[in-house]
Amino acid sequence: MINKRLLIKNLLAHNDESSFYDKKRQLNLHTREGKSKFLKHICALSNSNPSNNSYIVVGVEDQDNQIVGDDFFDDSRIQNLVNAYLDNPPIIQYENIPFPNLPKDKVIGLVTIKPKTEISSFKKGIHTISANSVFIRRGSNTTPVGRDFEKNFQNTETVTGIENISRNNIKHTLDGVIDFMNFRHKDMAPKYKVFKELFVICWAGIPKRVRDKTYLSRVDIELINEQIKLFYSAQDVVTINCDEDSFTIIEYIPLGLNDKTSFYPLEQQTIHFQENGYYKIETEMLFQPPEYNKKMLFHIYNTNIALLSKLKKGHSLSGREQKDLENLPSTFMICYLNGFEDAKDKLIDAKTQLKEFPQIYLSFKEAMRILRKMKYNAKYED
């Protein structure tokens, strides 16, 4: 069982990017340009490593390898994006890895690209990349090539060696449990459970009673053995259920135009543990958007646009307008889910303006996370 934090450290110890790993300050999957860059690197790393894993480390400064972290990214459906654009797409996995020196809401992202012998290529164009394009890695550079390129099997021994020295041991596991229970979350009634005498999950959250049901807010859940943060949210709430073989998280989102006391199930994630030392994660989208009166939403939509216009011009807001601004990310999201197609683009365009208001910007990131989940849940990616 690989300790992913150790794996990242050992990858970074190579200092420079190589033909089996890349590093990024952050990923931008909100734009076609950002998606195209990500897909190009996935294509290149897959083609350059037909017999071993390859990796992308997210949240690291390119020049000096400083670990600065990035936002928690919990969308396993990123695979759908790869499947939509690449022929012979590799299997990829995105994991969130906590580091002691990072703020609680920041992690290092680890993208693992599984080996695939077939050549990956673009089956349709995106941004400046045309259909049928093929990419490989030459050192730290991603390069377009023809389909007759010579495959490289020279990384297998190096990558296997890095993975072997990154394997977990009982000291790392015990240290992780003690750190989670006694230091990072000692005031949040942390809990742990051992599955199949091998896997350890720790979780902590603040109980929240709403309409005869108890939720947990400010939740942090980690699979200690592999140093993976399974779930983190500063806003949304969850319920947790477990038995001897599985651990289930149901995430809820608060939505409403006048208050946020109605909780809607968003997604269920279940981890199934097996006797042979393996586990499998299954996710299911549960969200059914609430429907509202179109006339009322049209008024809210126009109010939000007017608010953003005032902000852009530097005008001050009244008390009522300030309250509307606080709700703007969630109300724009509700508008989008009720057929106002431009609402999502308006929200994305407002990112820079909302950054000036930390709490509102946090709500913006939560709204975008939910919309991203729903987008990747679709069969095809635009």
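Here, each number is a calculation from the coordinates, and none is a lab measurement. Everything quoted here is computed from the prediction, not taken from an experiment. Reconstructed Cβ throughout: ideal geometry from the backbone, glycine too, with neighbour counts over all protein chains shown.
Can you tell me the relative contact order of the range 170-285? Whole percent, Cα pairs under 8 Å, sequence separation 6 or more.
Relative CO of the range 170-285 lands at 16 percent.
How large is the dipole of the chain about the Cα centre if only Lys and Arg carry +1 and Asp and Glu carry -1, each at its Cβ, rounded to the nearest 20 debye?
Once rounded to the nearest 20, the dipole reads 820 debye.
Might you report the magnitude of the Cβ-based charge dipole of the range 170-285 about its Cα centre, with Lys and Arg at +1 and Asp and Glu at -1, to the nearest 20 debye?
Using only the charged Cβ atoms, the result is roughly 480 debye.
Rounded to the nearest 500, what is the chain's calculated 222 nm mean residue ellipticity when only DSSP H runs of at least 4 contribute -39500 (n - 2.57) each, over all residues?
After summing the helix terms and dividing by the residues of the chain, the value is -10000 deg cm²/dmol.
With 10 angstrom as the radius, rank PHE153, PHE332 by how many other C-beta atoms surround their C-beta, starting from the fewest.
The fewest-first ordering by Cβ neighbours comes to PHE153, PHE332.
What is the set of long-range amide H partners of LYS196 at a cut-off below 5 Å, with H atoms built 1.01 Å from backbone N?
Here nothing satisfies the definition.
Report the full-extension gain for the segment LEU362 to SER262: residue separation times 0.36 nm, less the Cα-Cα distance, to one decimal in nm.
34.0 nm
Relative contact order (percent) for the range 4-164, with alpha-carbon contacts under 8 angstrom and 6 or more residues of separation?
With pairs under 8 Å counted, the relative contact order is 30 percent.
Between GLU222, GLU17, GLU150, where does the largest GNM mean-square fluctuation fall for the chain, given springs only between Cα atoms within less than 10 Å?
Result: GLU150 has the largest fluctuation of those listed.
Which of the three applies to the range 4-164, rounded, prolate or oblate, going by the alpha-carbon gyration tensor with a ≥ b ≥ c and a/c under 1.5 meaning rounded?
The shape class here is oblate.
Over the chain, what is the relative contact order in percent, taking alpha-carbon pairs closer than 8 angstrom and at least six residues apart?
Answer for the chain is 14 percent.
Computed FRET efficiency, Cβ-Cβ of ASN132 and PHE153, R0 22 Å: what is it to the nearest 0.05?
It comes to 0.35.
Whole-Hz ³J(HN,Hα) for each residue in the range 346-361, computed from phi via Karplus 6.51 cos²θ - 1.76 cosθ + 1.60 with θ = phi - 60°, x for glycine and proline: what do you get?
Calculated HN-Hα couplings, in order: 4, 5, 4, 5, 7, 3, 4, 5, 6, 4, 6, 10, x, 5, 5, 5 Hz.
Within a Cβ distance under 15 Å of ASN47, other residues only, what is the Lys/Arg minus Asp/Glu net charge?
Result for the neighbourhood of ASN47: +3.
Taking the chain as a Gaussian network, where each spring joins two C-alpha atoms under 10 Å apart, which residue of ILE206, ILE360, ILE170 fluctuates the most?
So, out of ILE206, ILE360, ILE170, the one fluctuating most is ILE170.
Place a +1 charge on the Cβ of each Lys and Arg in the range 13-149 and a -1 charge on the Cβ of each Asp and Glu, then give the dipole magnitude about the Cα centre in debye, rounded to the nearest 20.
It comes to approximately 460 debye.
With a cut-off of 13 Å, note down the residues of the range 116-141 whose backbone N falls inside the zone around a label point 7 Å from the Cα of ASN88 toward its beta carbon.
Output list for this probe position: 116-123, 133-136.
Distance between Cα centroids, the range 1-21 to the range 166-196: provide it in whole Å.
23 Å
If you take the charge dipole of the chain about its Cα centre, with +1 on Lys and Arg Cβ and -1 on Asp and Glu Cβ, which of MET333, SER166, TYR94 is farthest toward its positive end?
About the Cα centre, the residue reaching furthest to the positive side is MET333.
Pick from ASN169, ASN96, ASN302: which is most flexible by mean-square fluctuation in a GNM of the chain where alpha carbon atoms under 10 Å apart are linked?
Of ASN169, ASN96, ASN302, the Gaussian network model singles out ASN302 as fluctuating most.
Provide the gained length on full extension for the span THR160 to LYS186, in nm with one decimal, where the gain is 0.36 nm per separating residue minus the Cα-Cα distance.
5.6 nm
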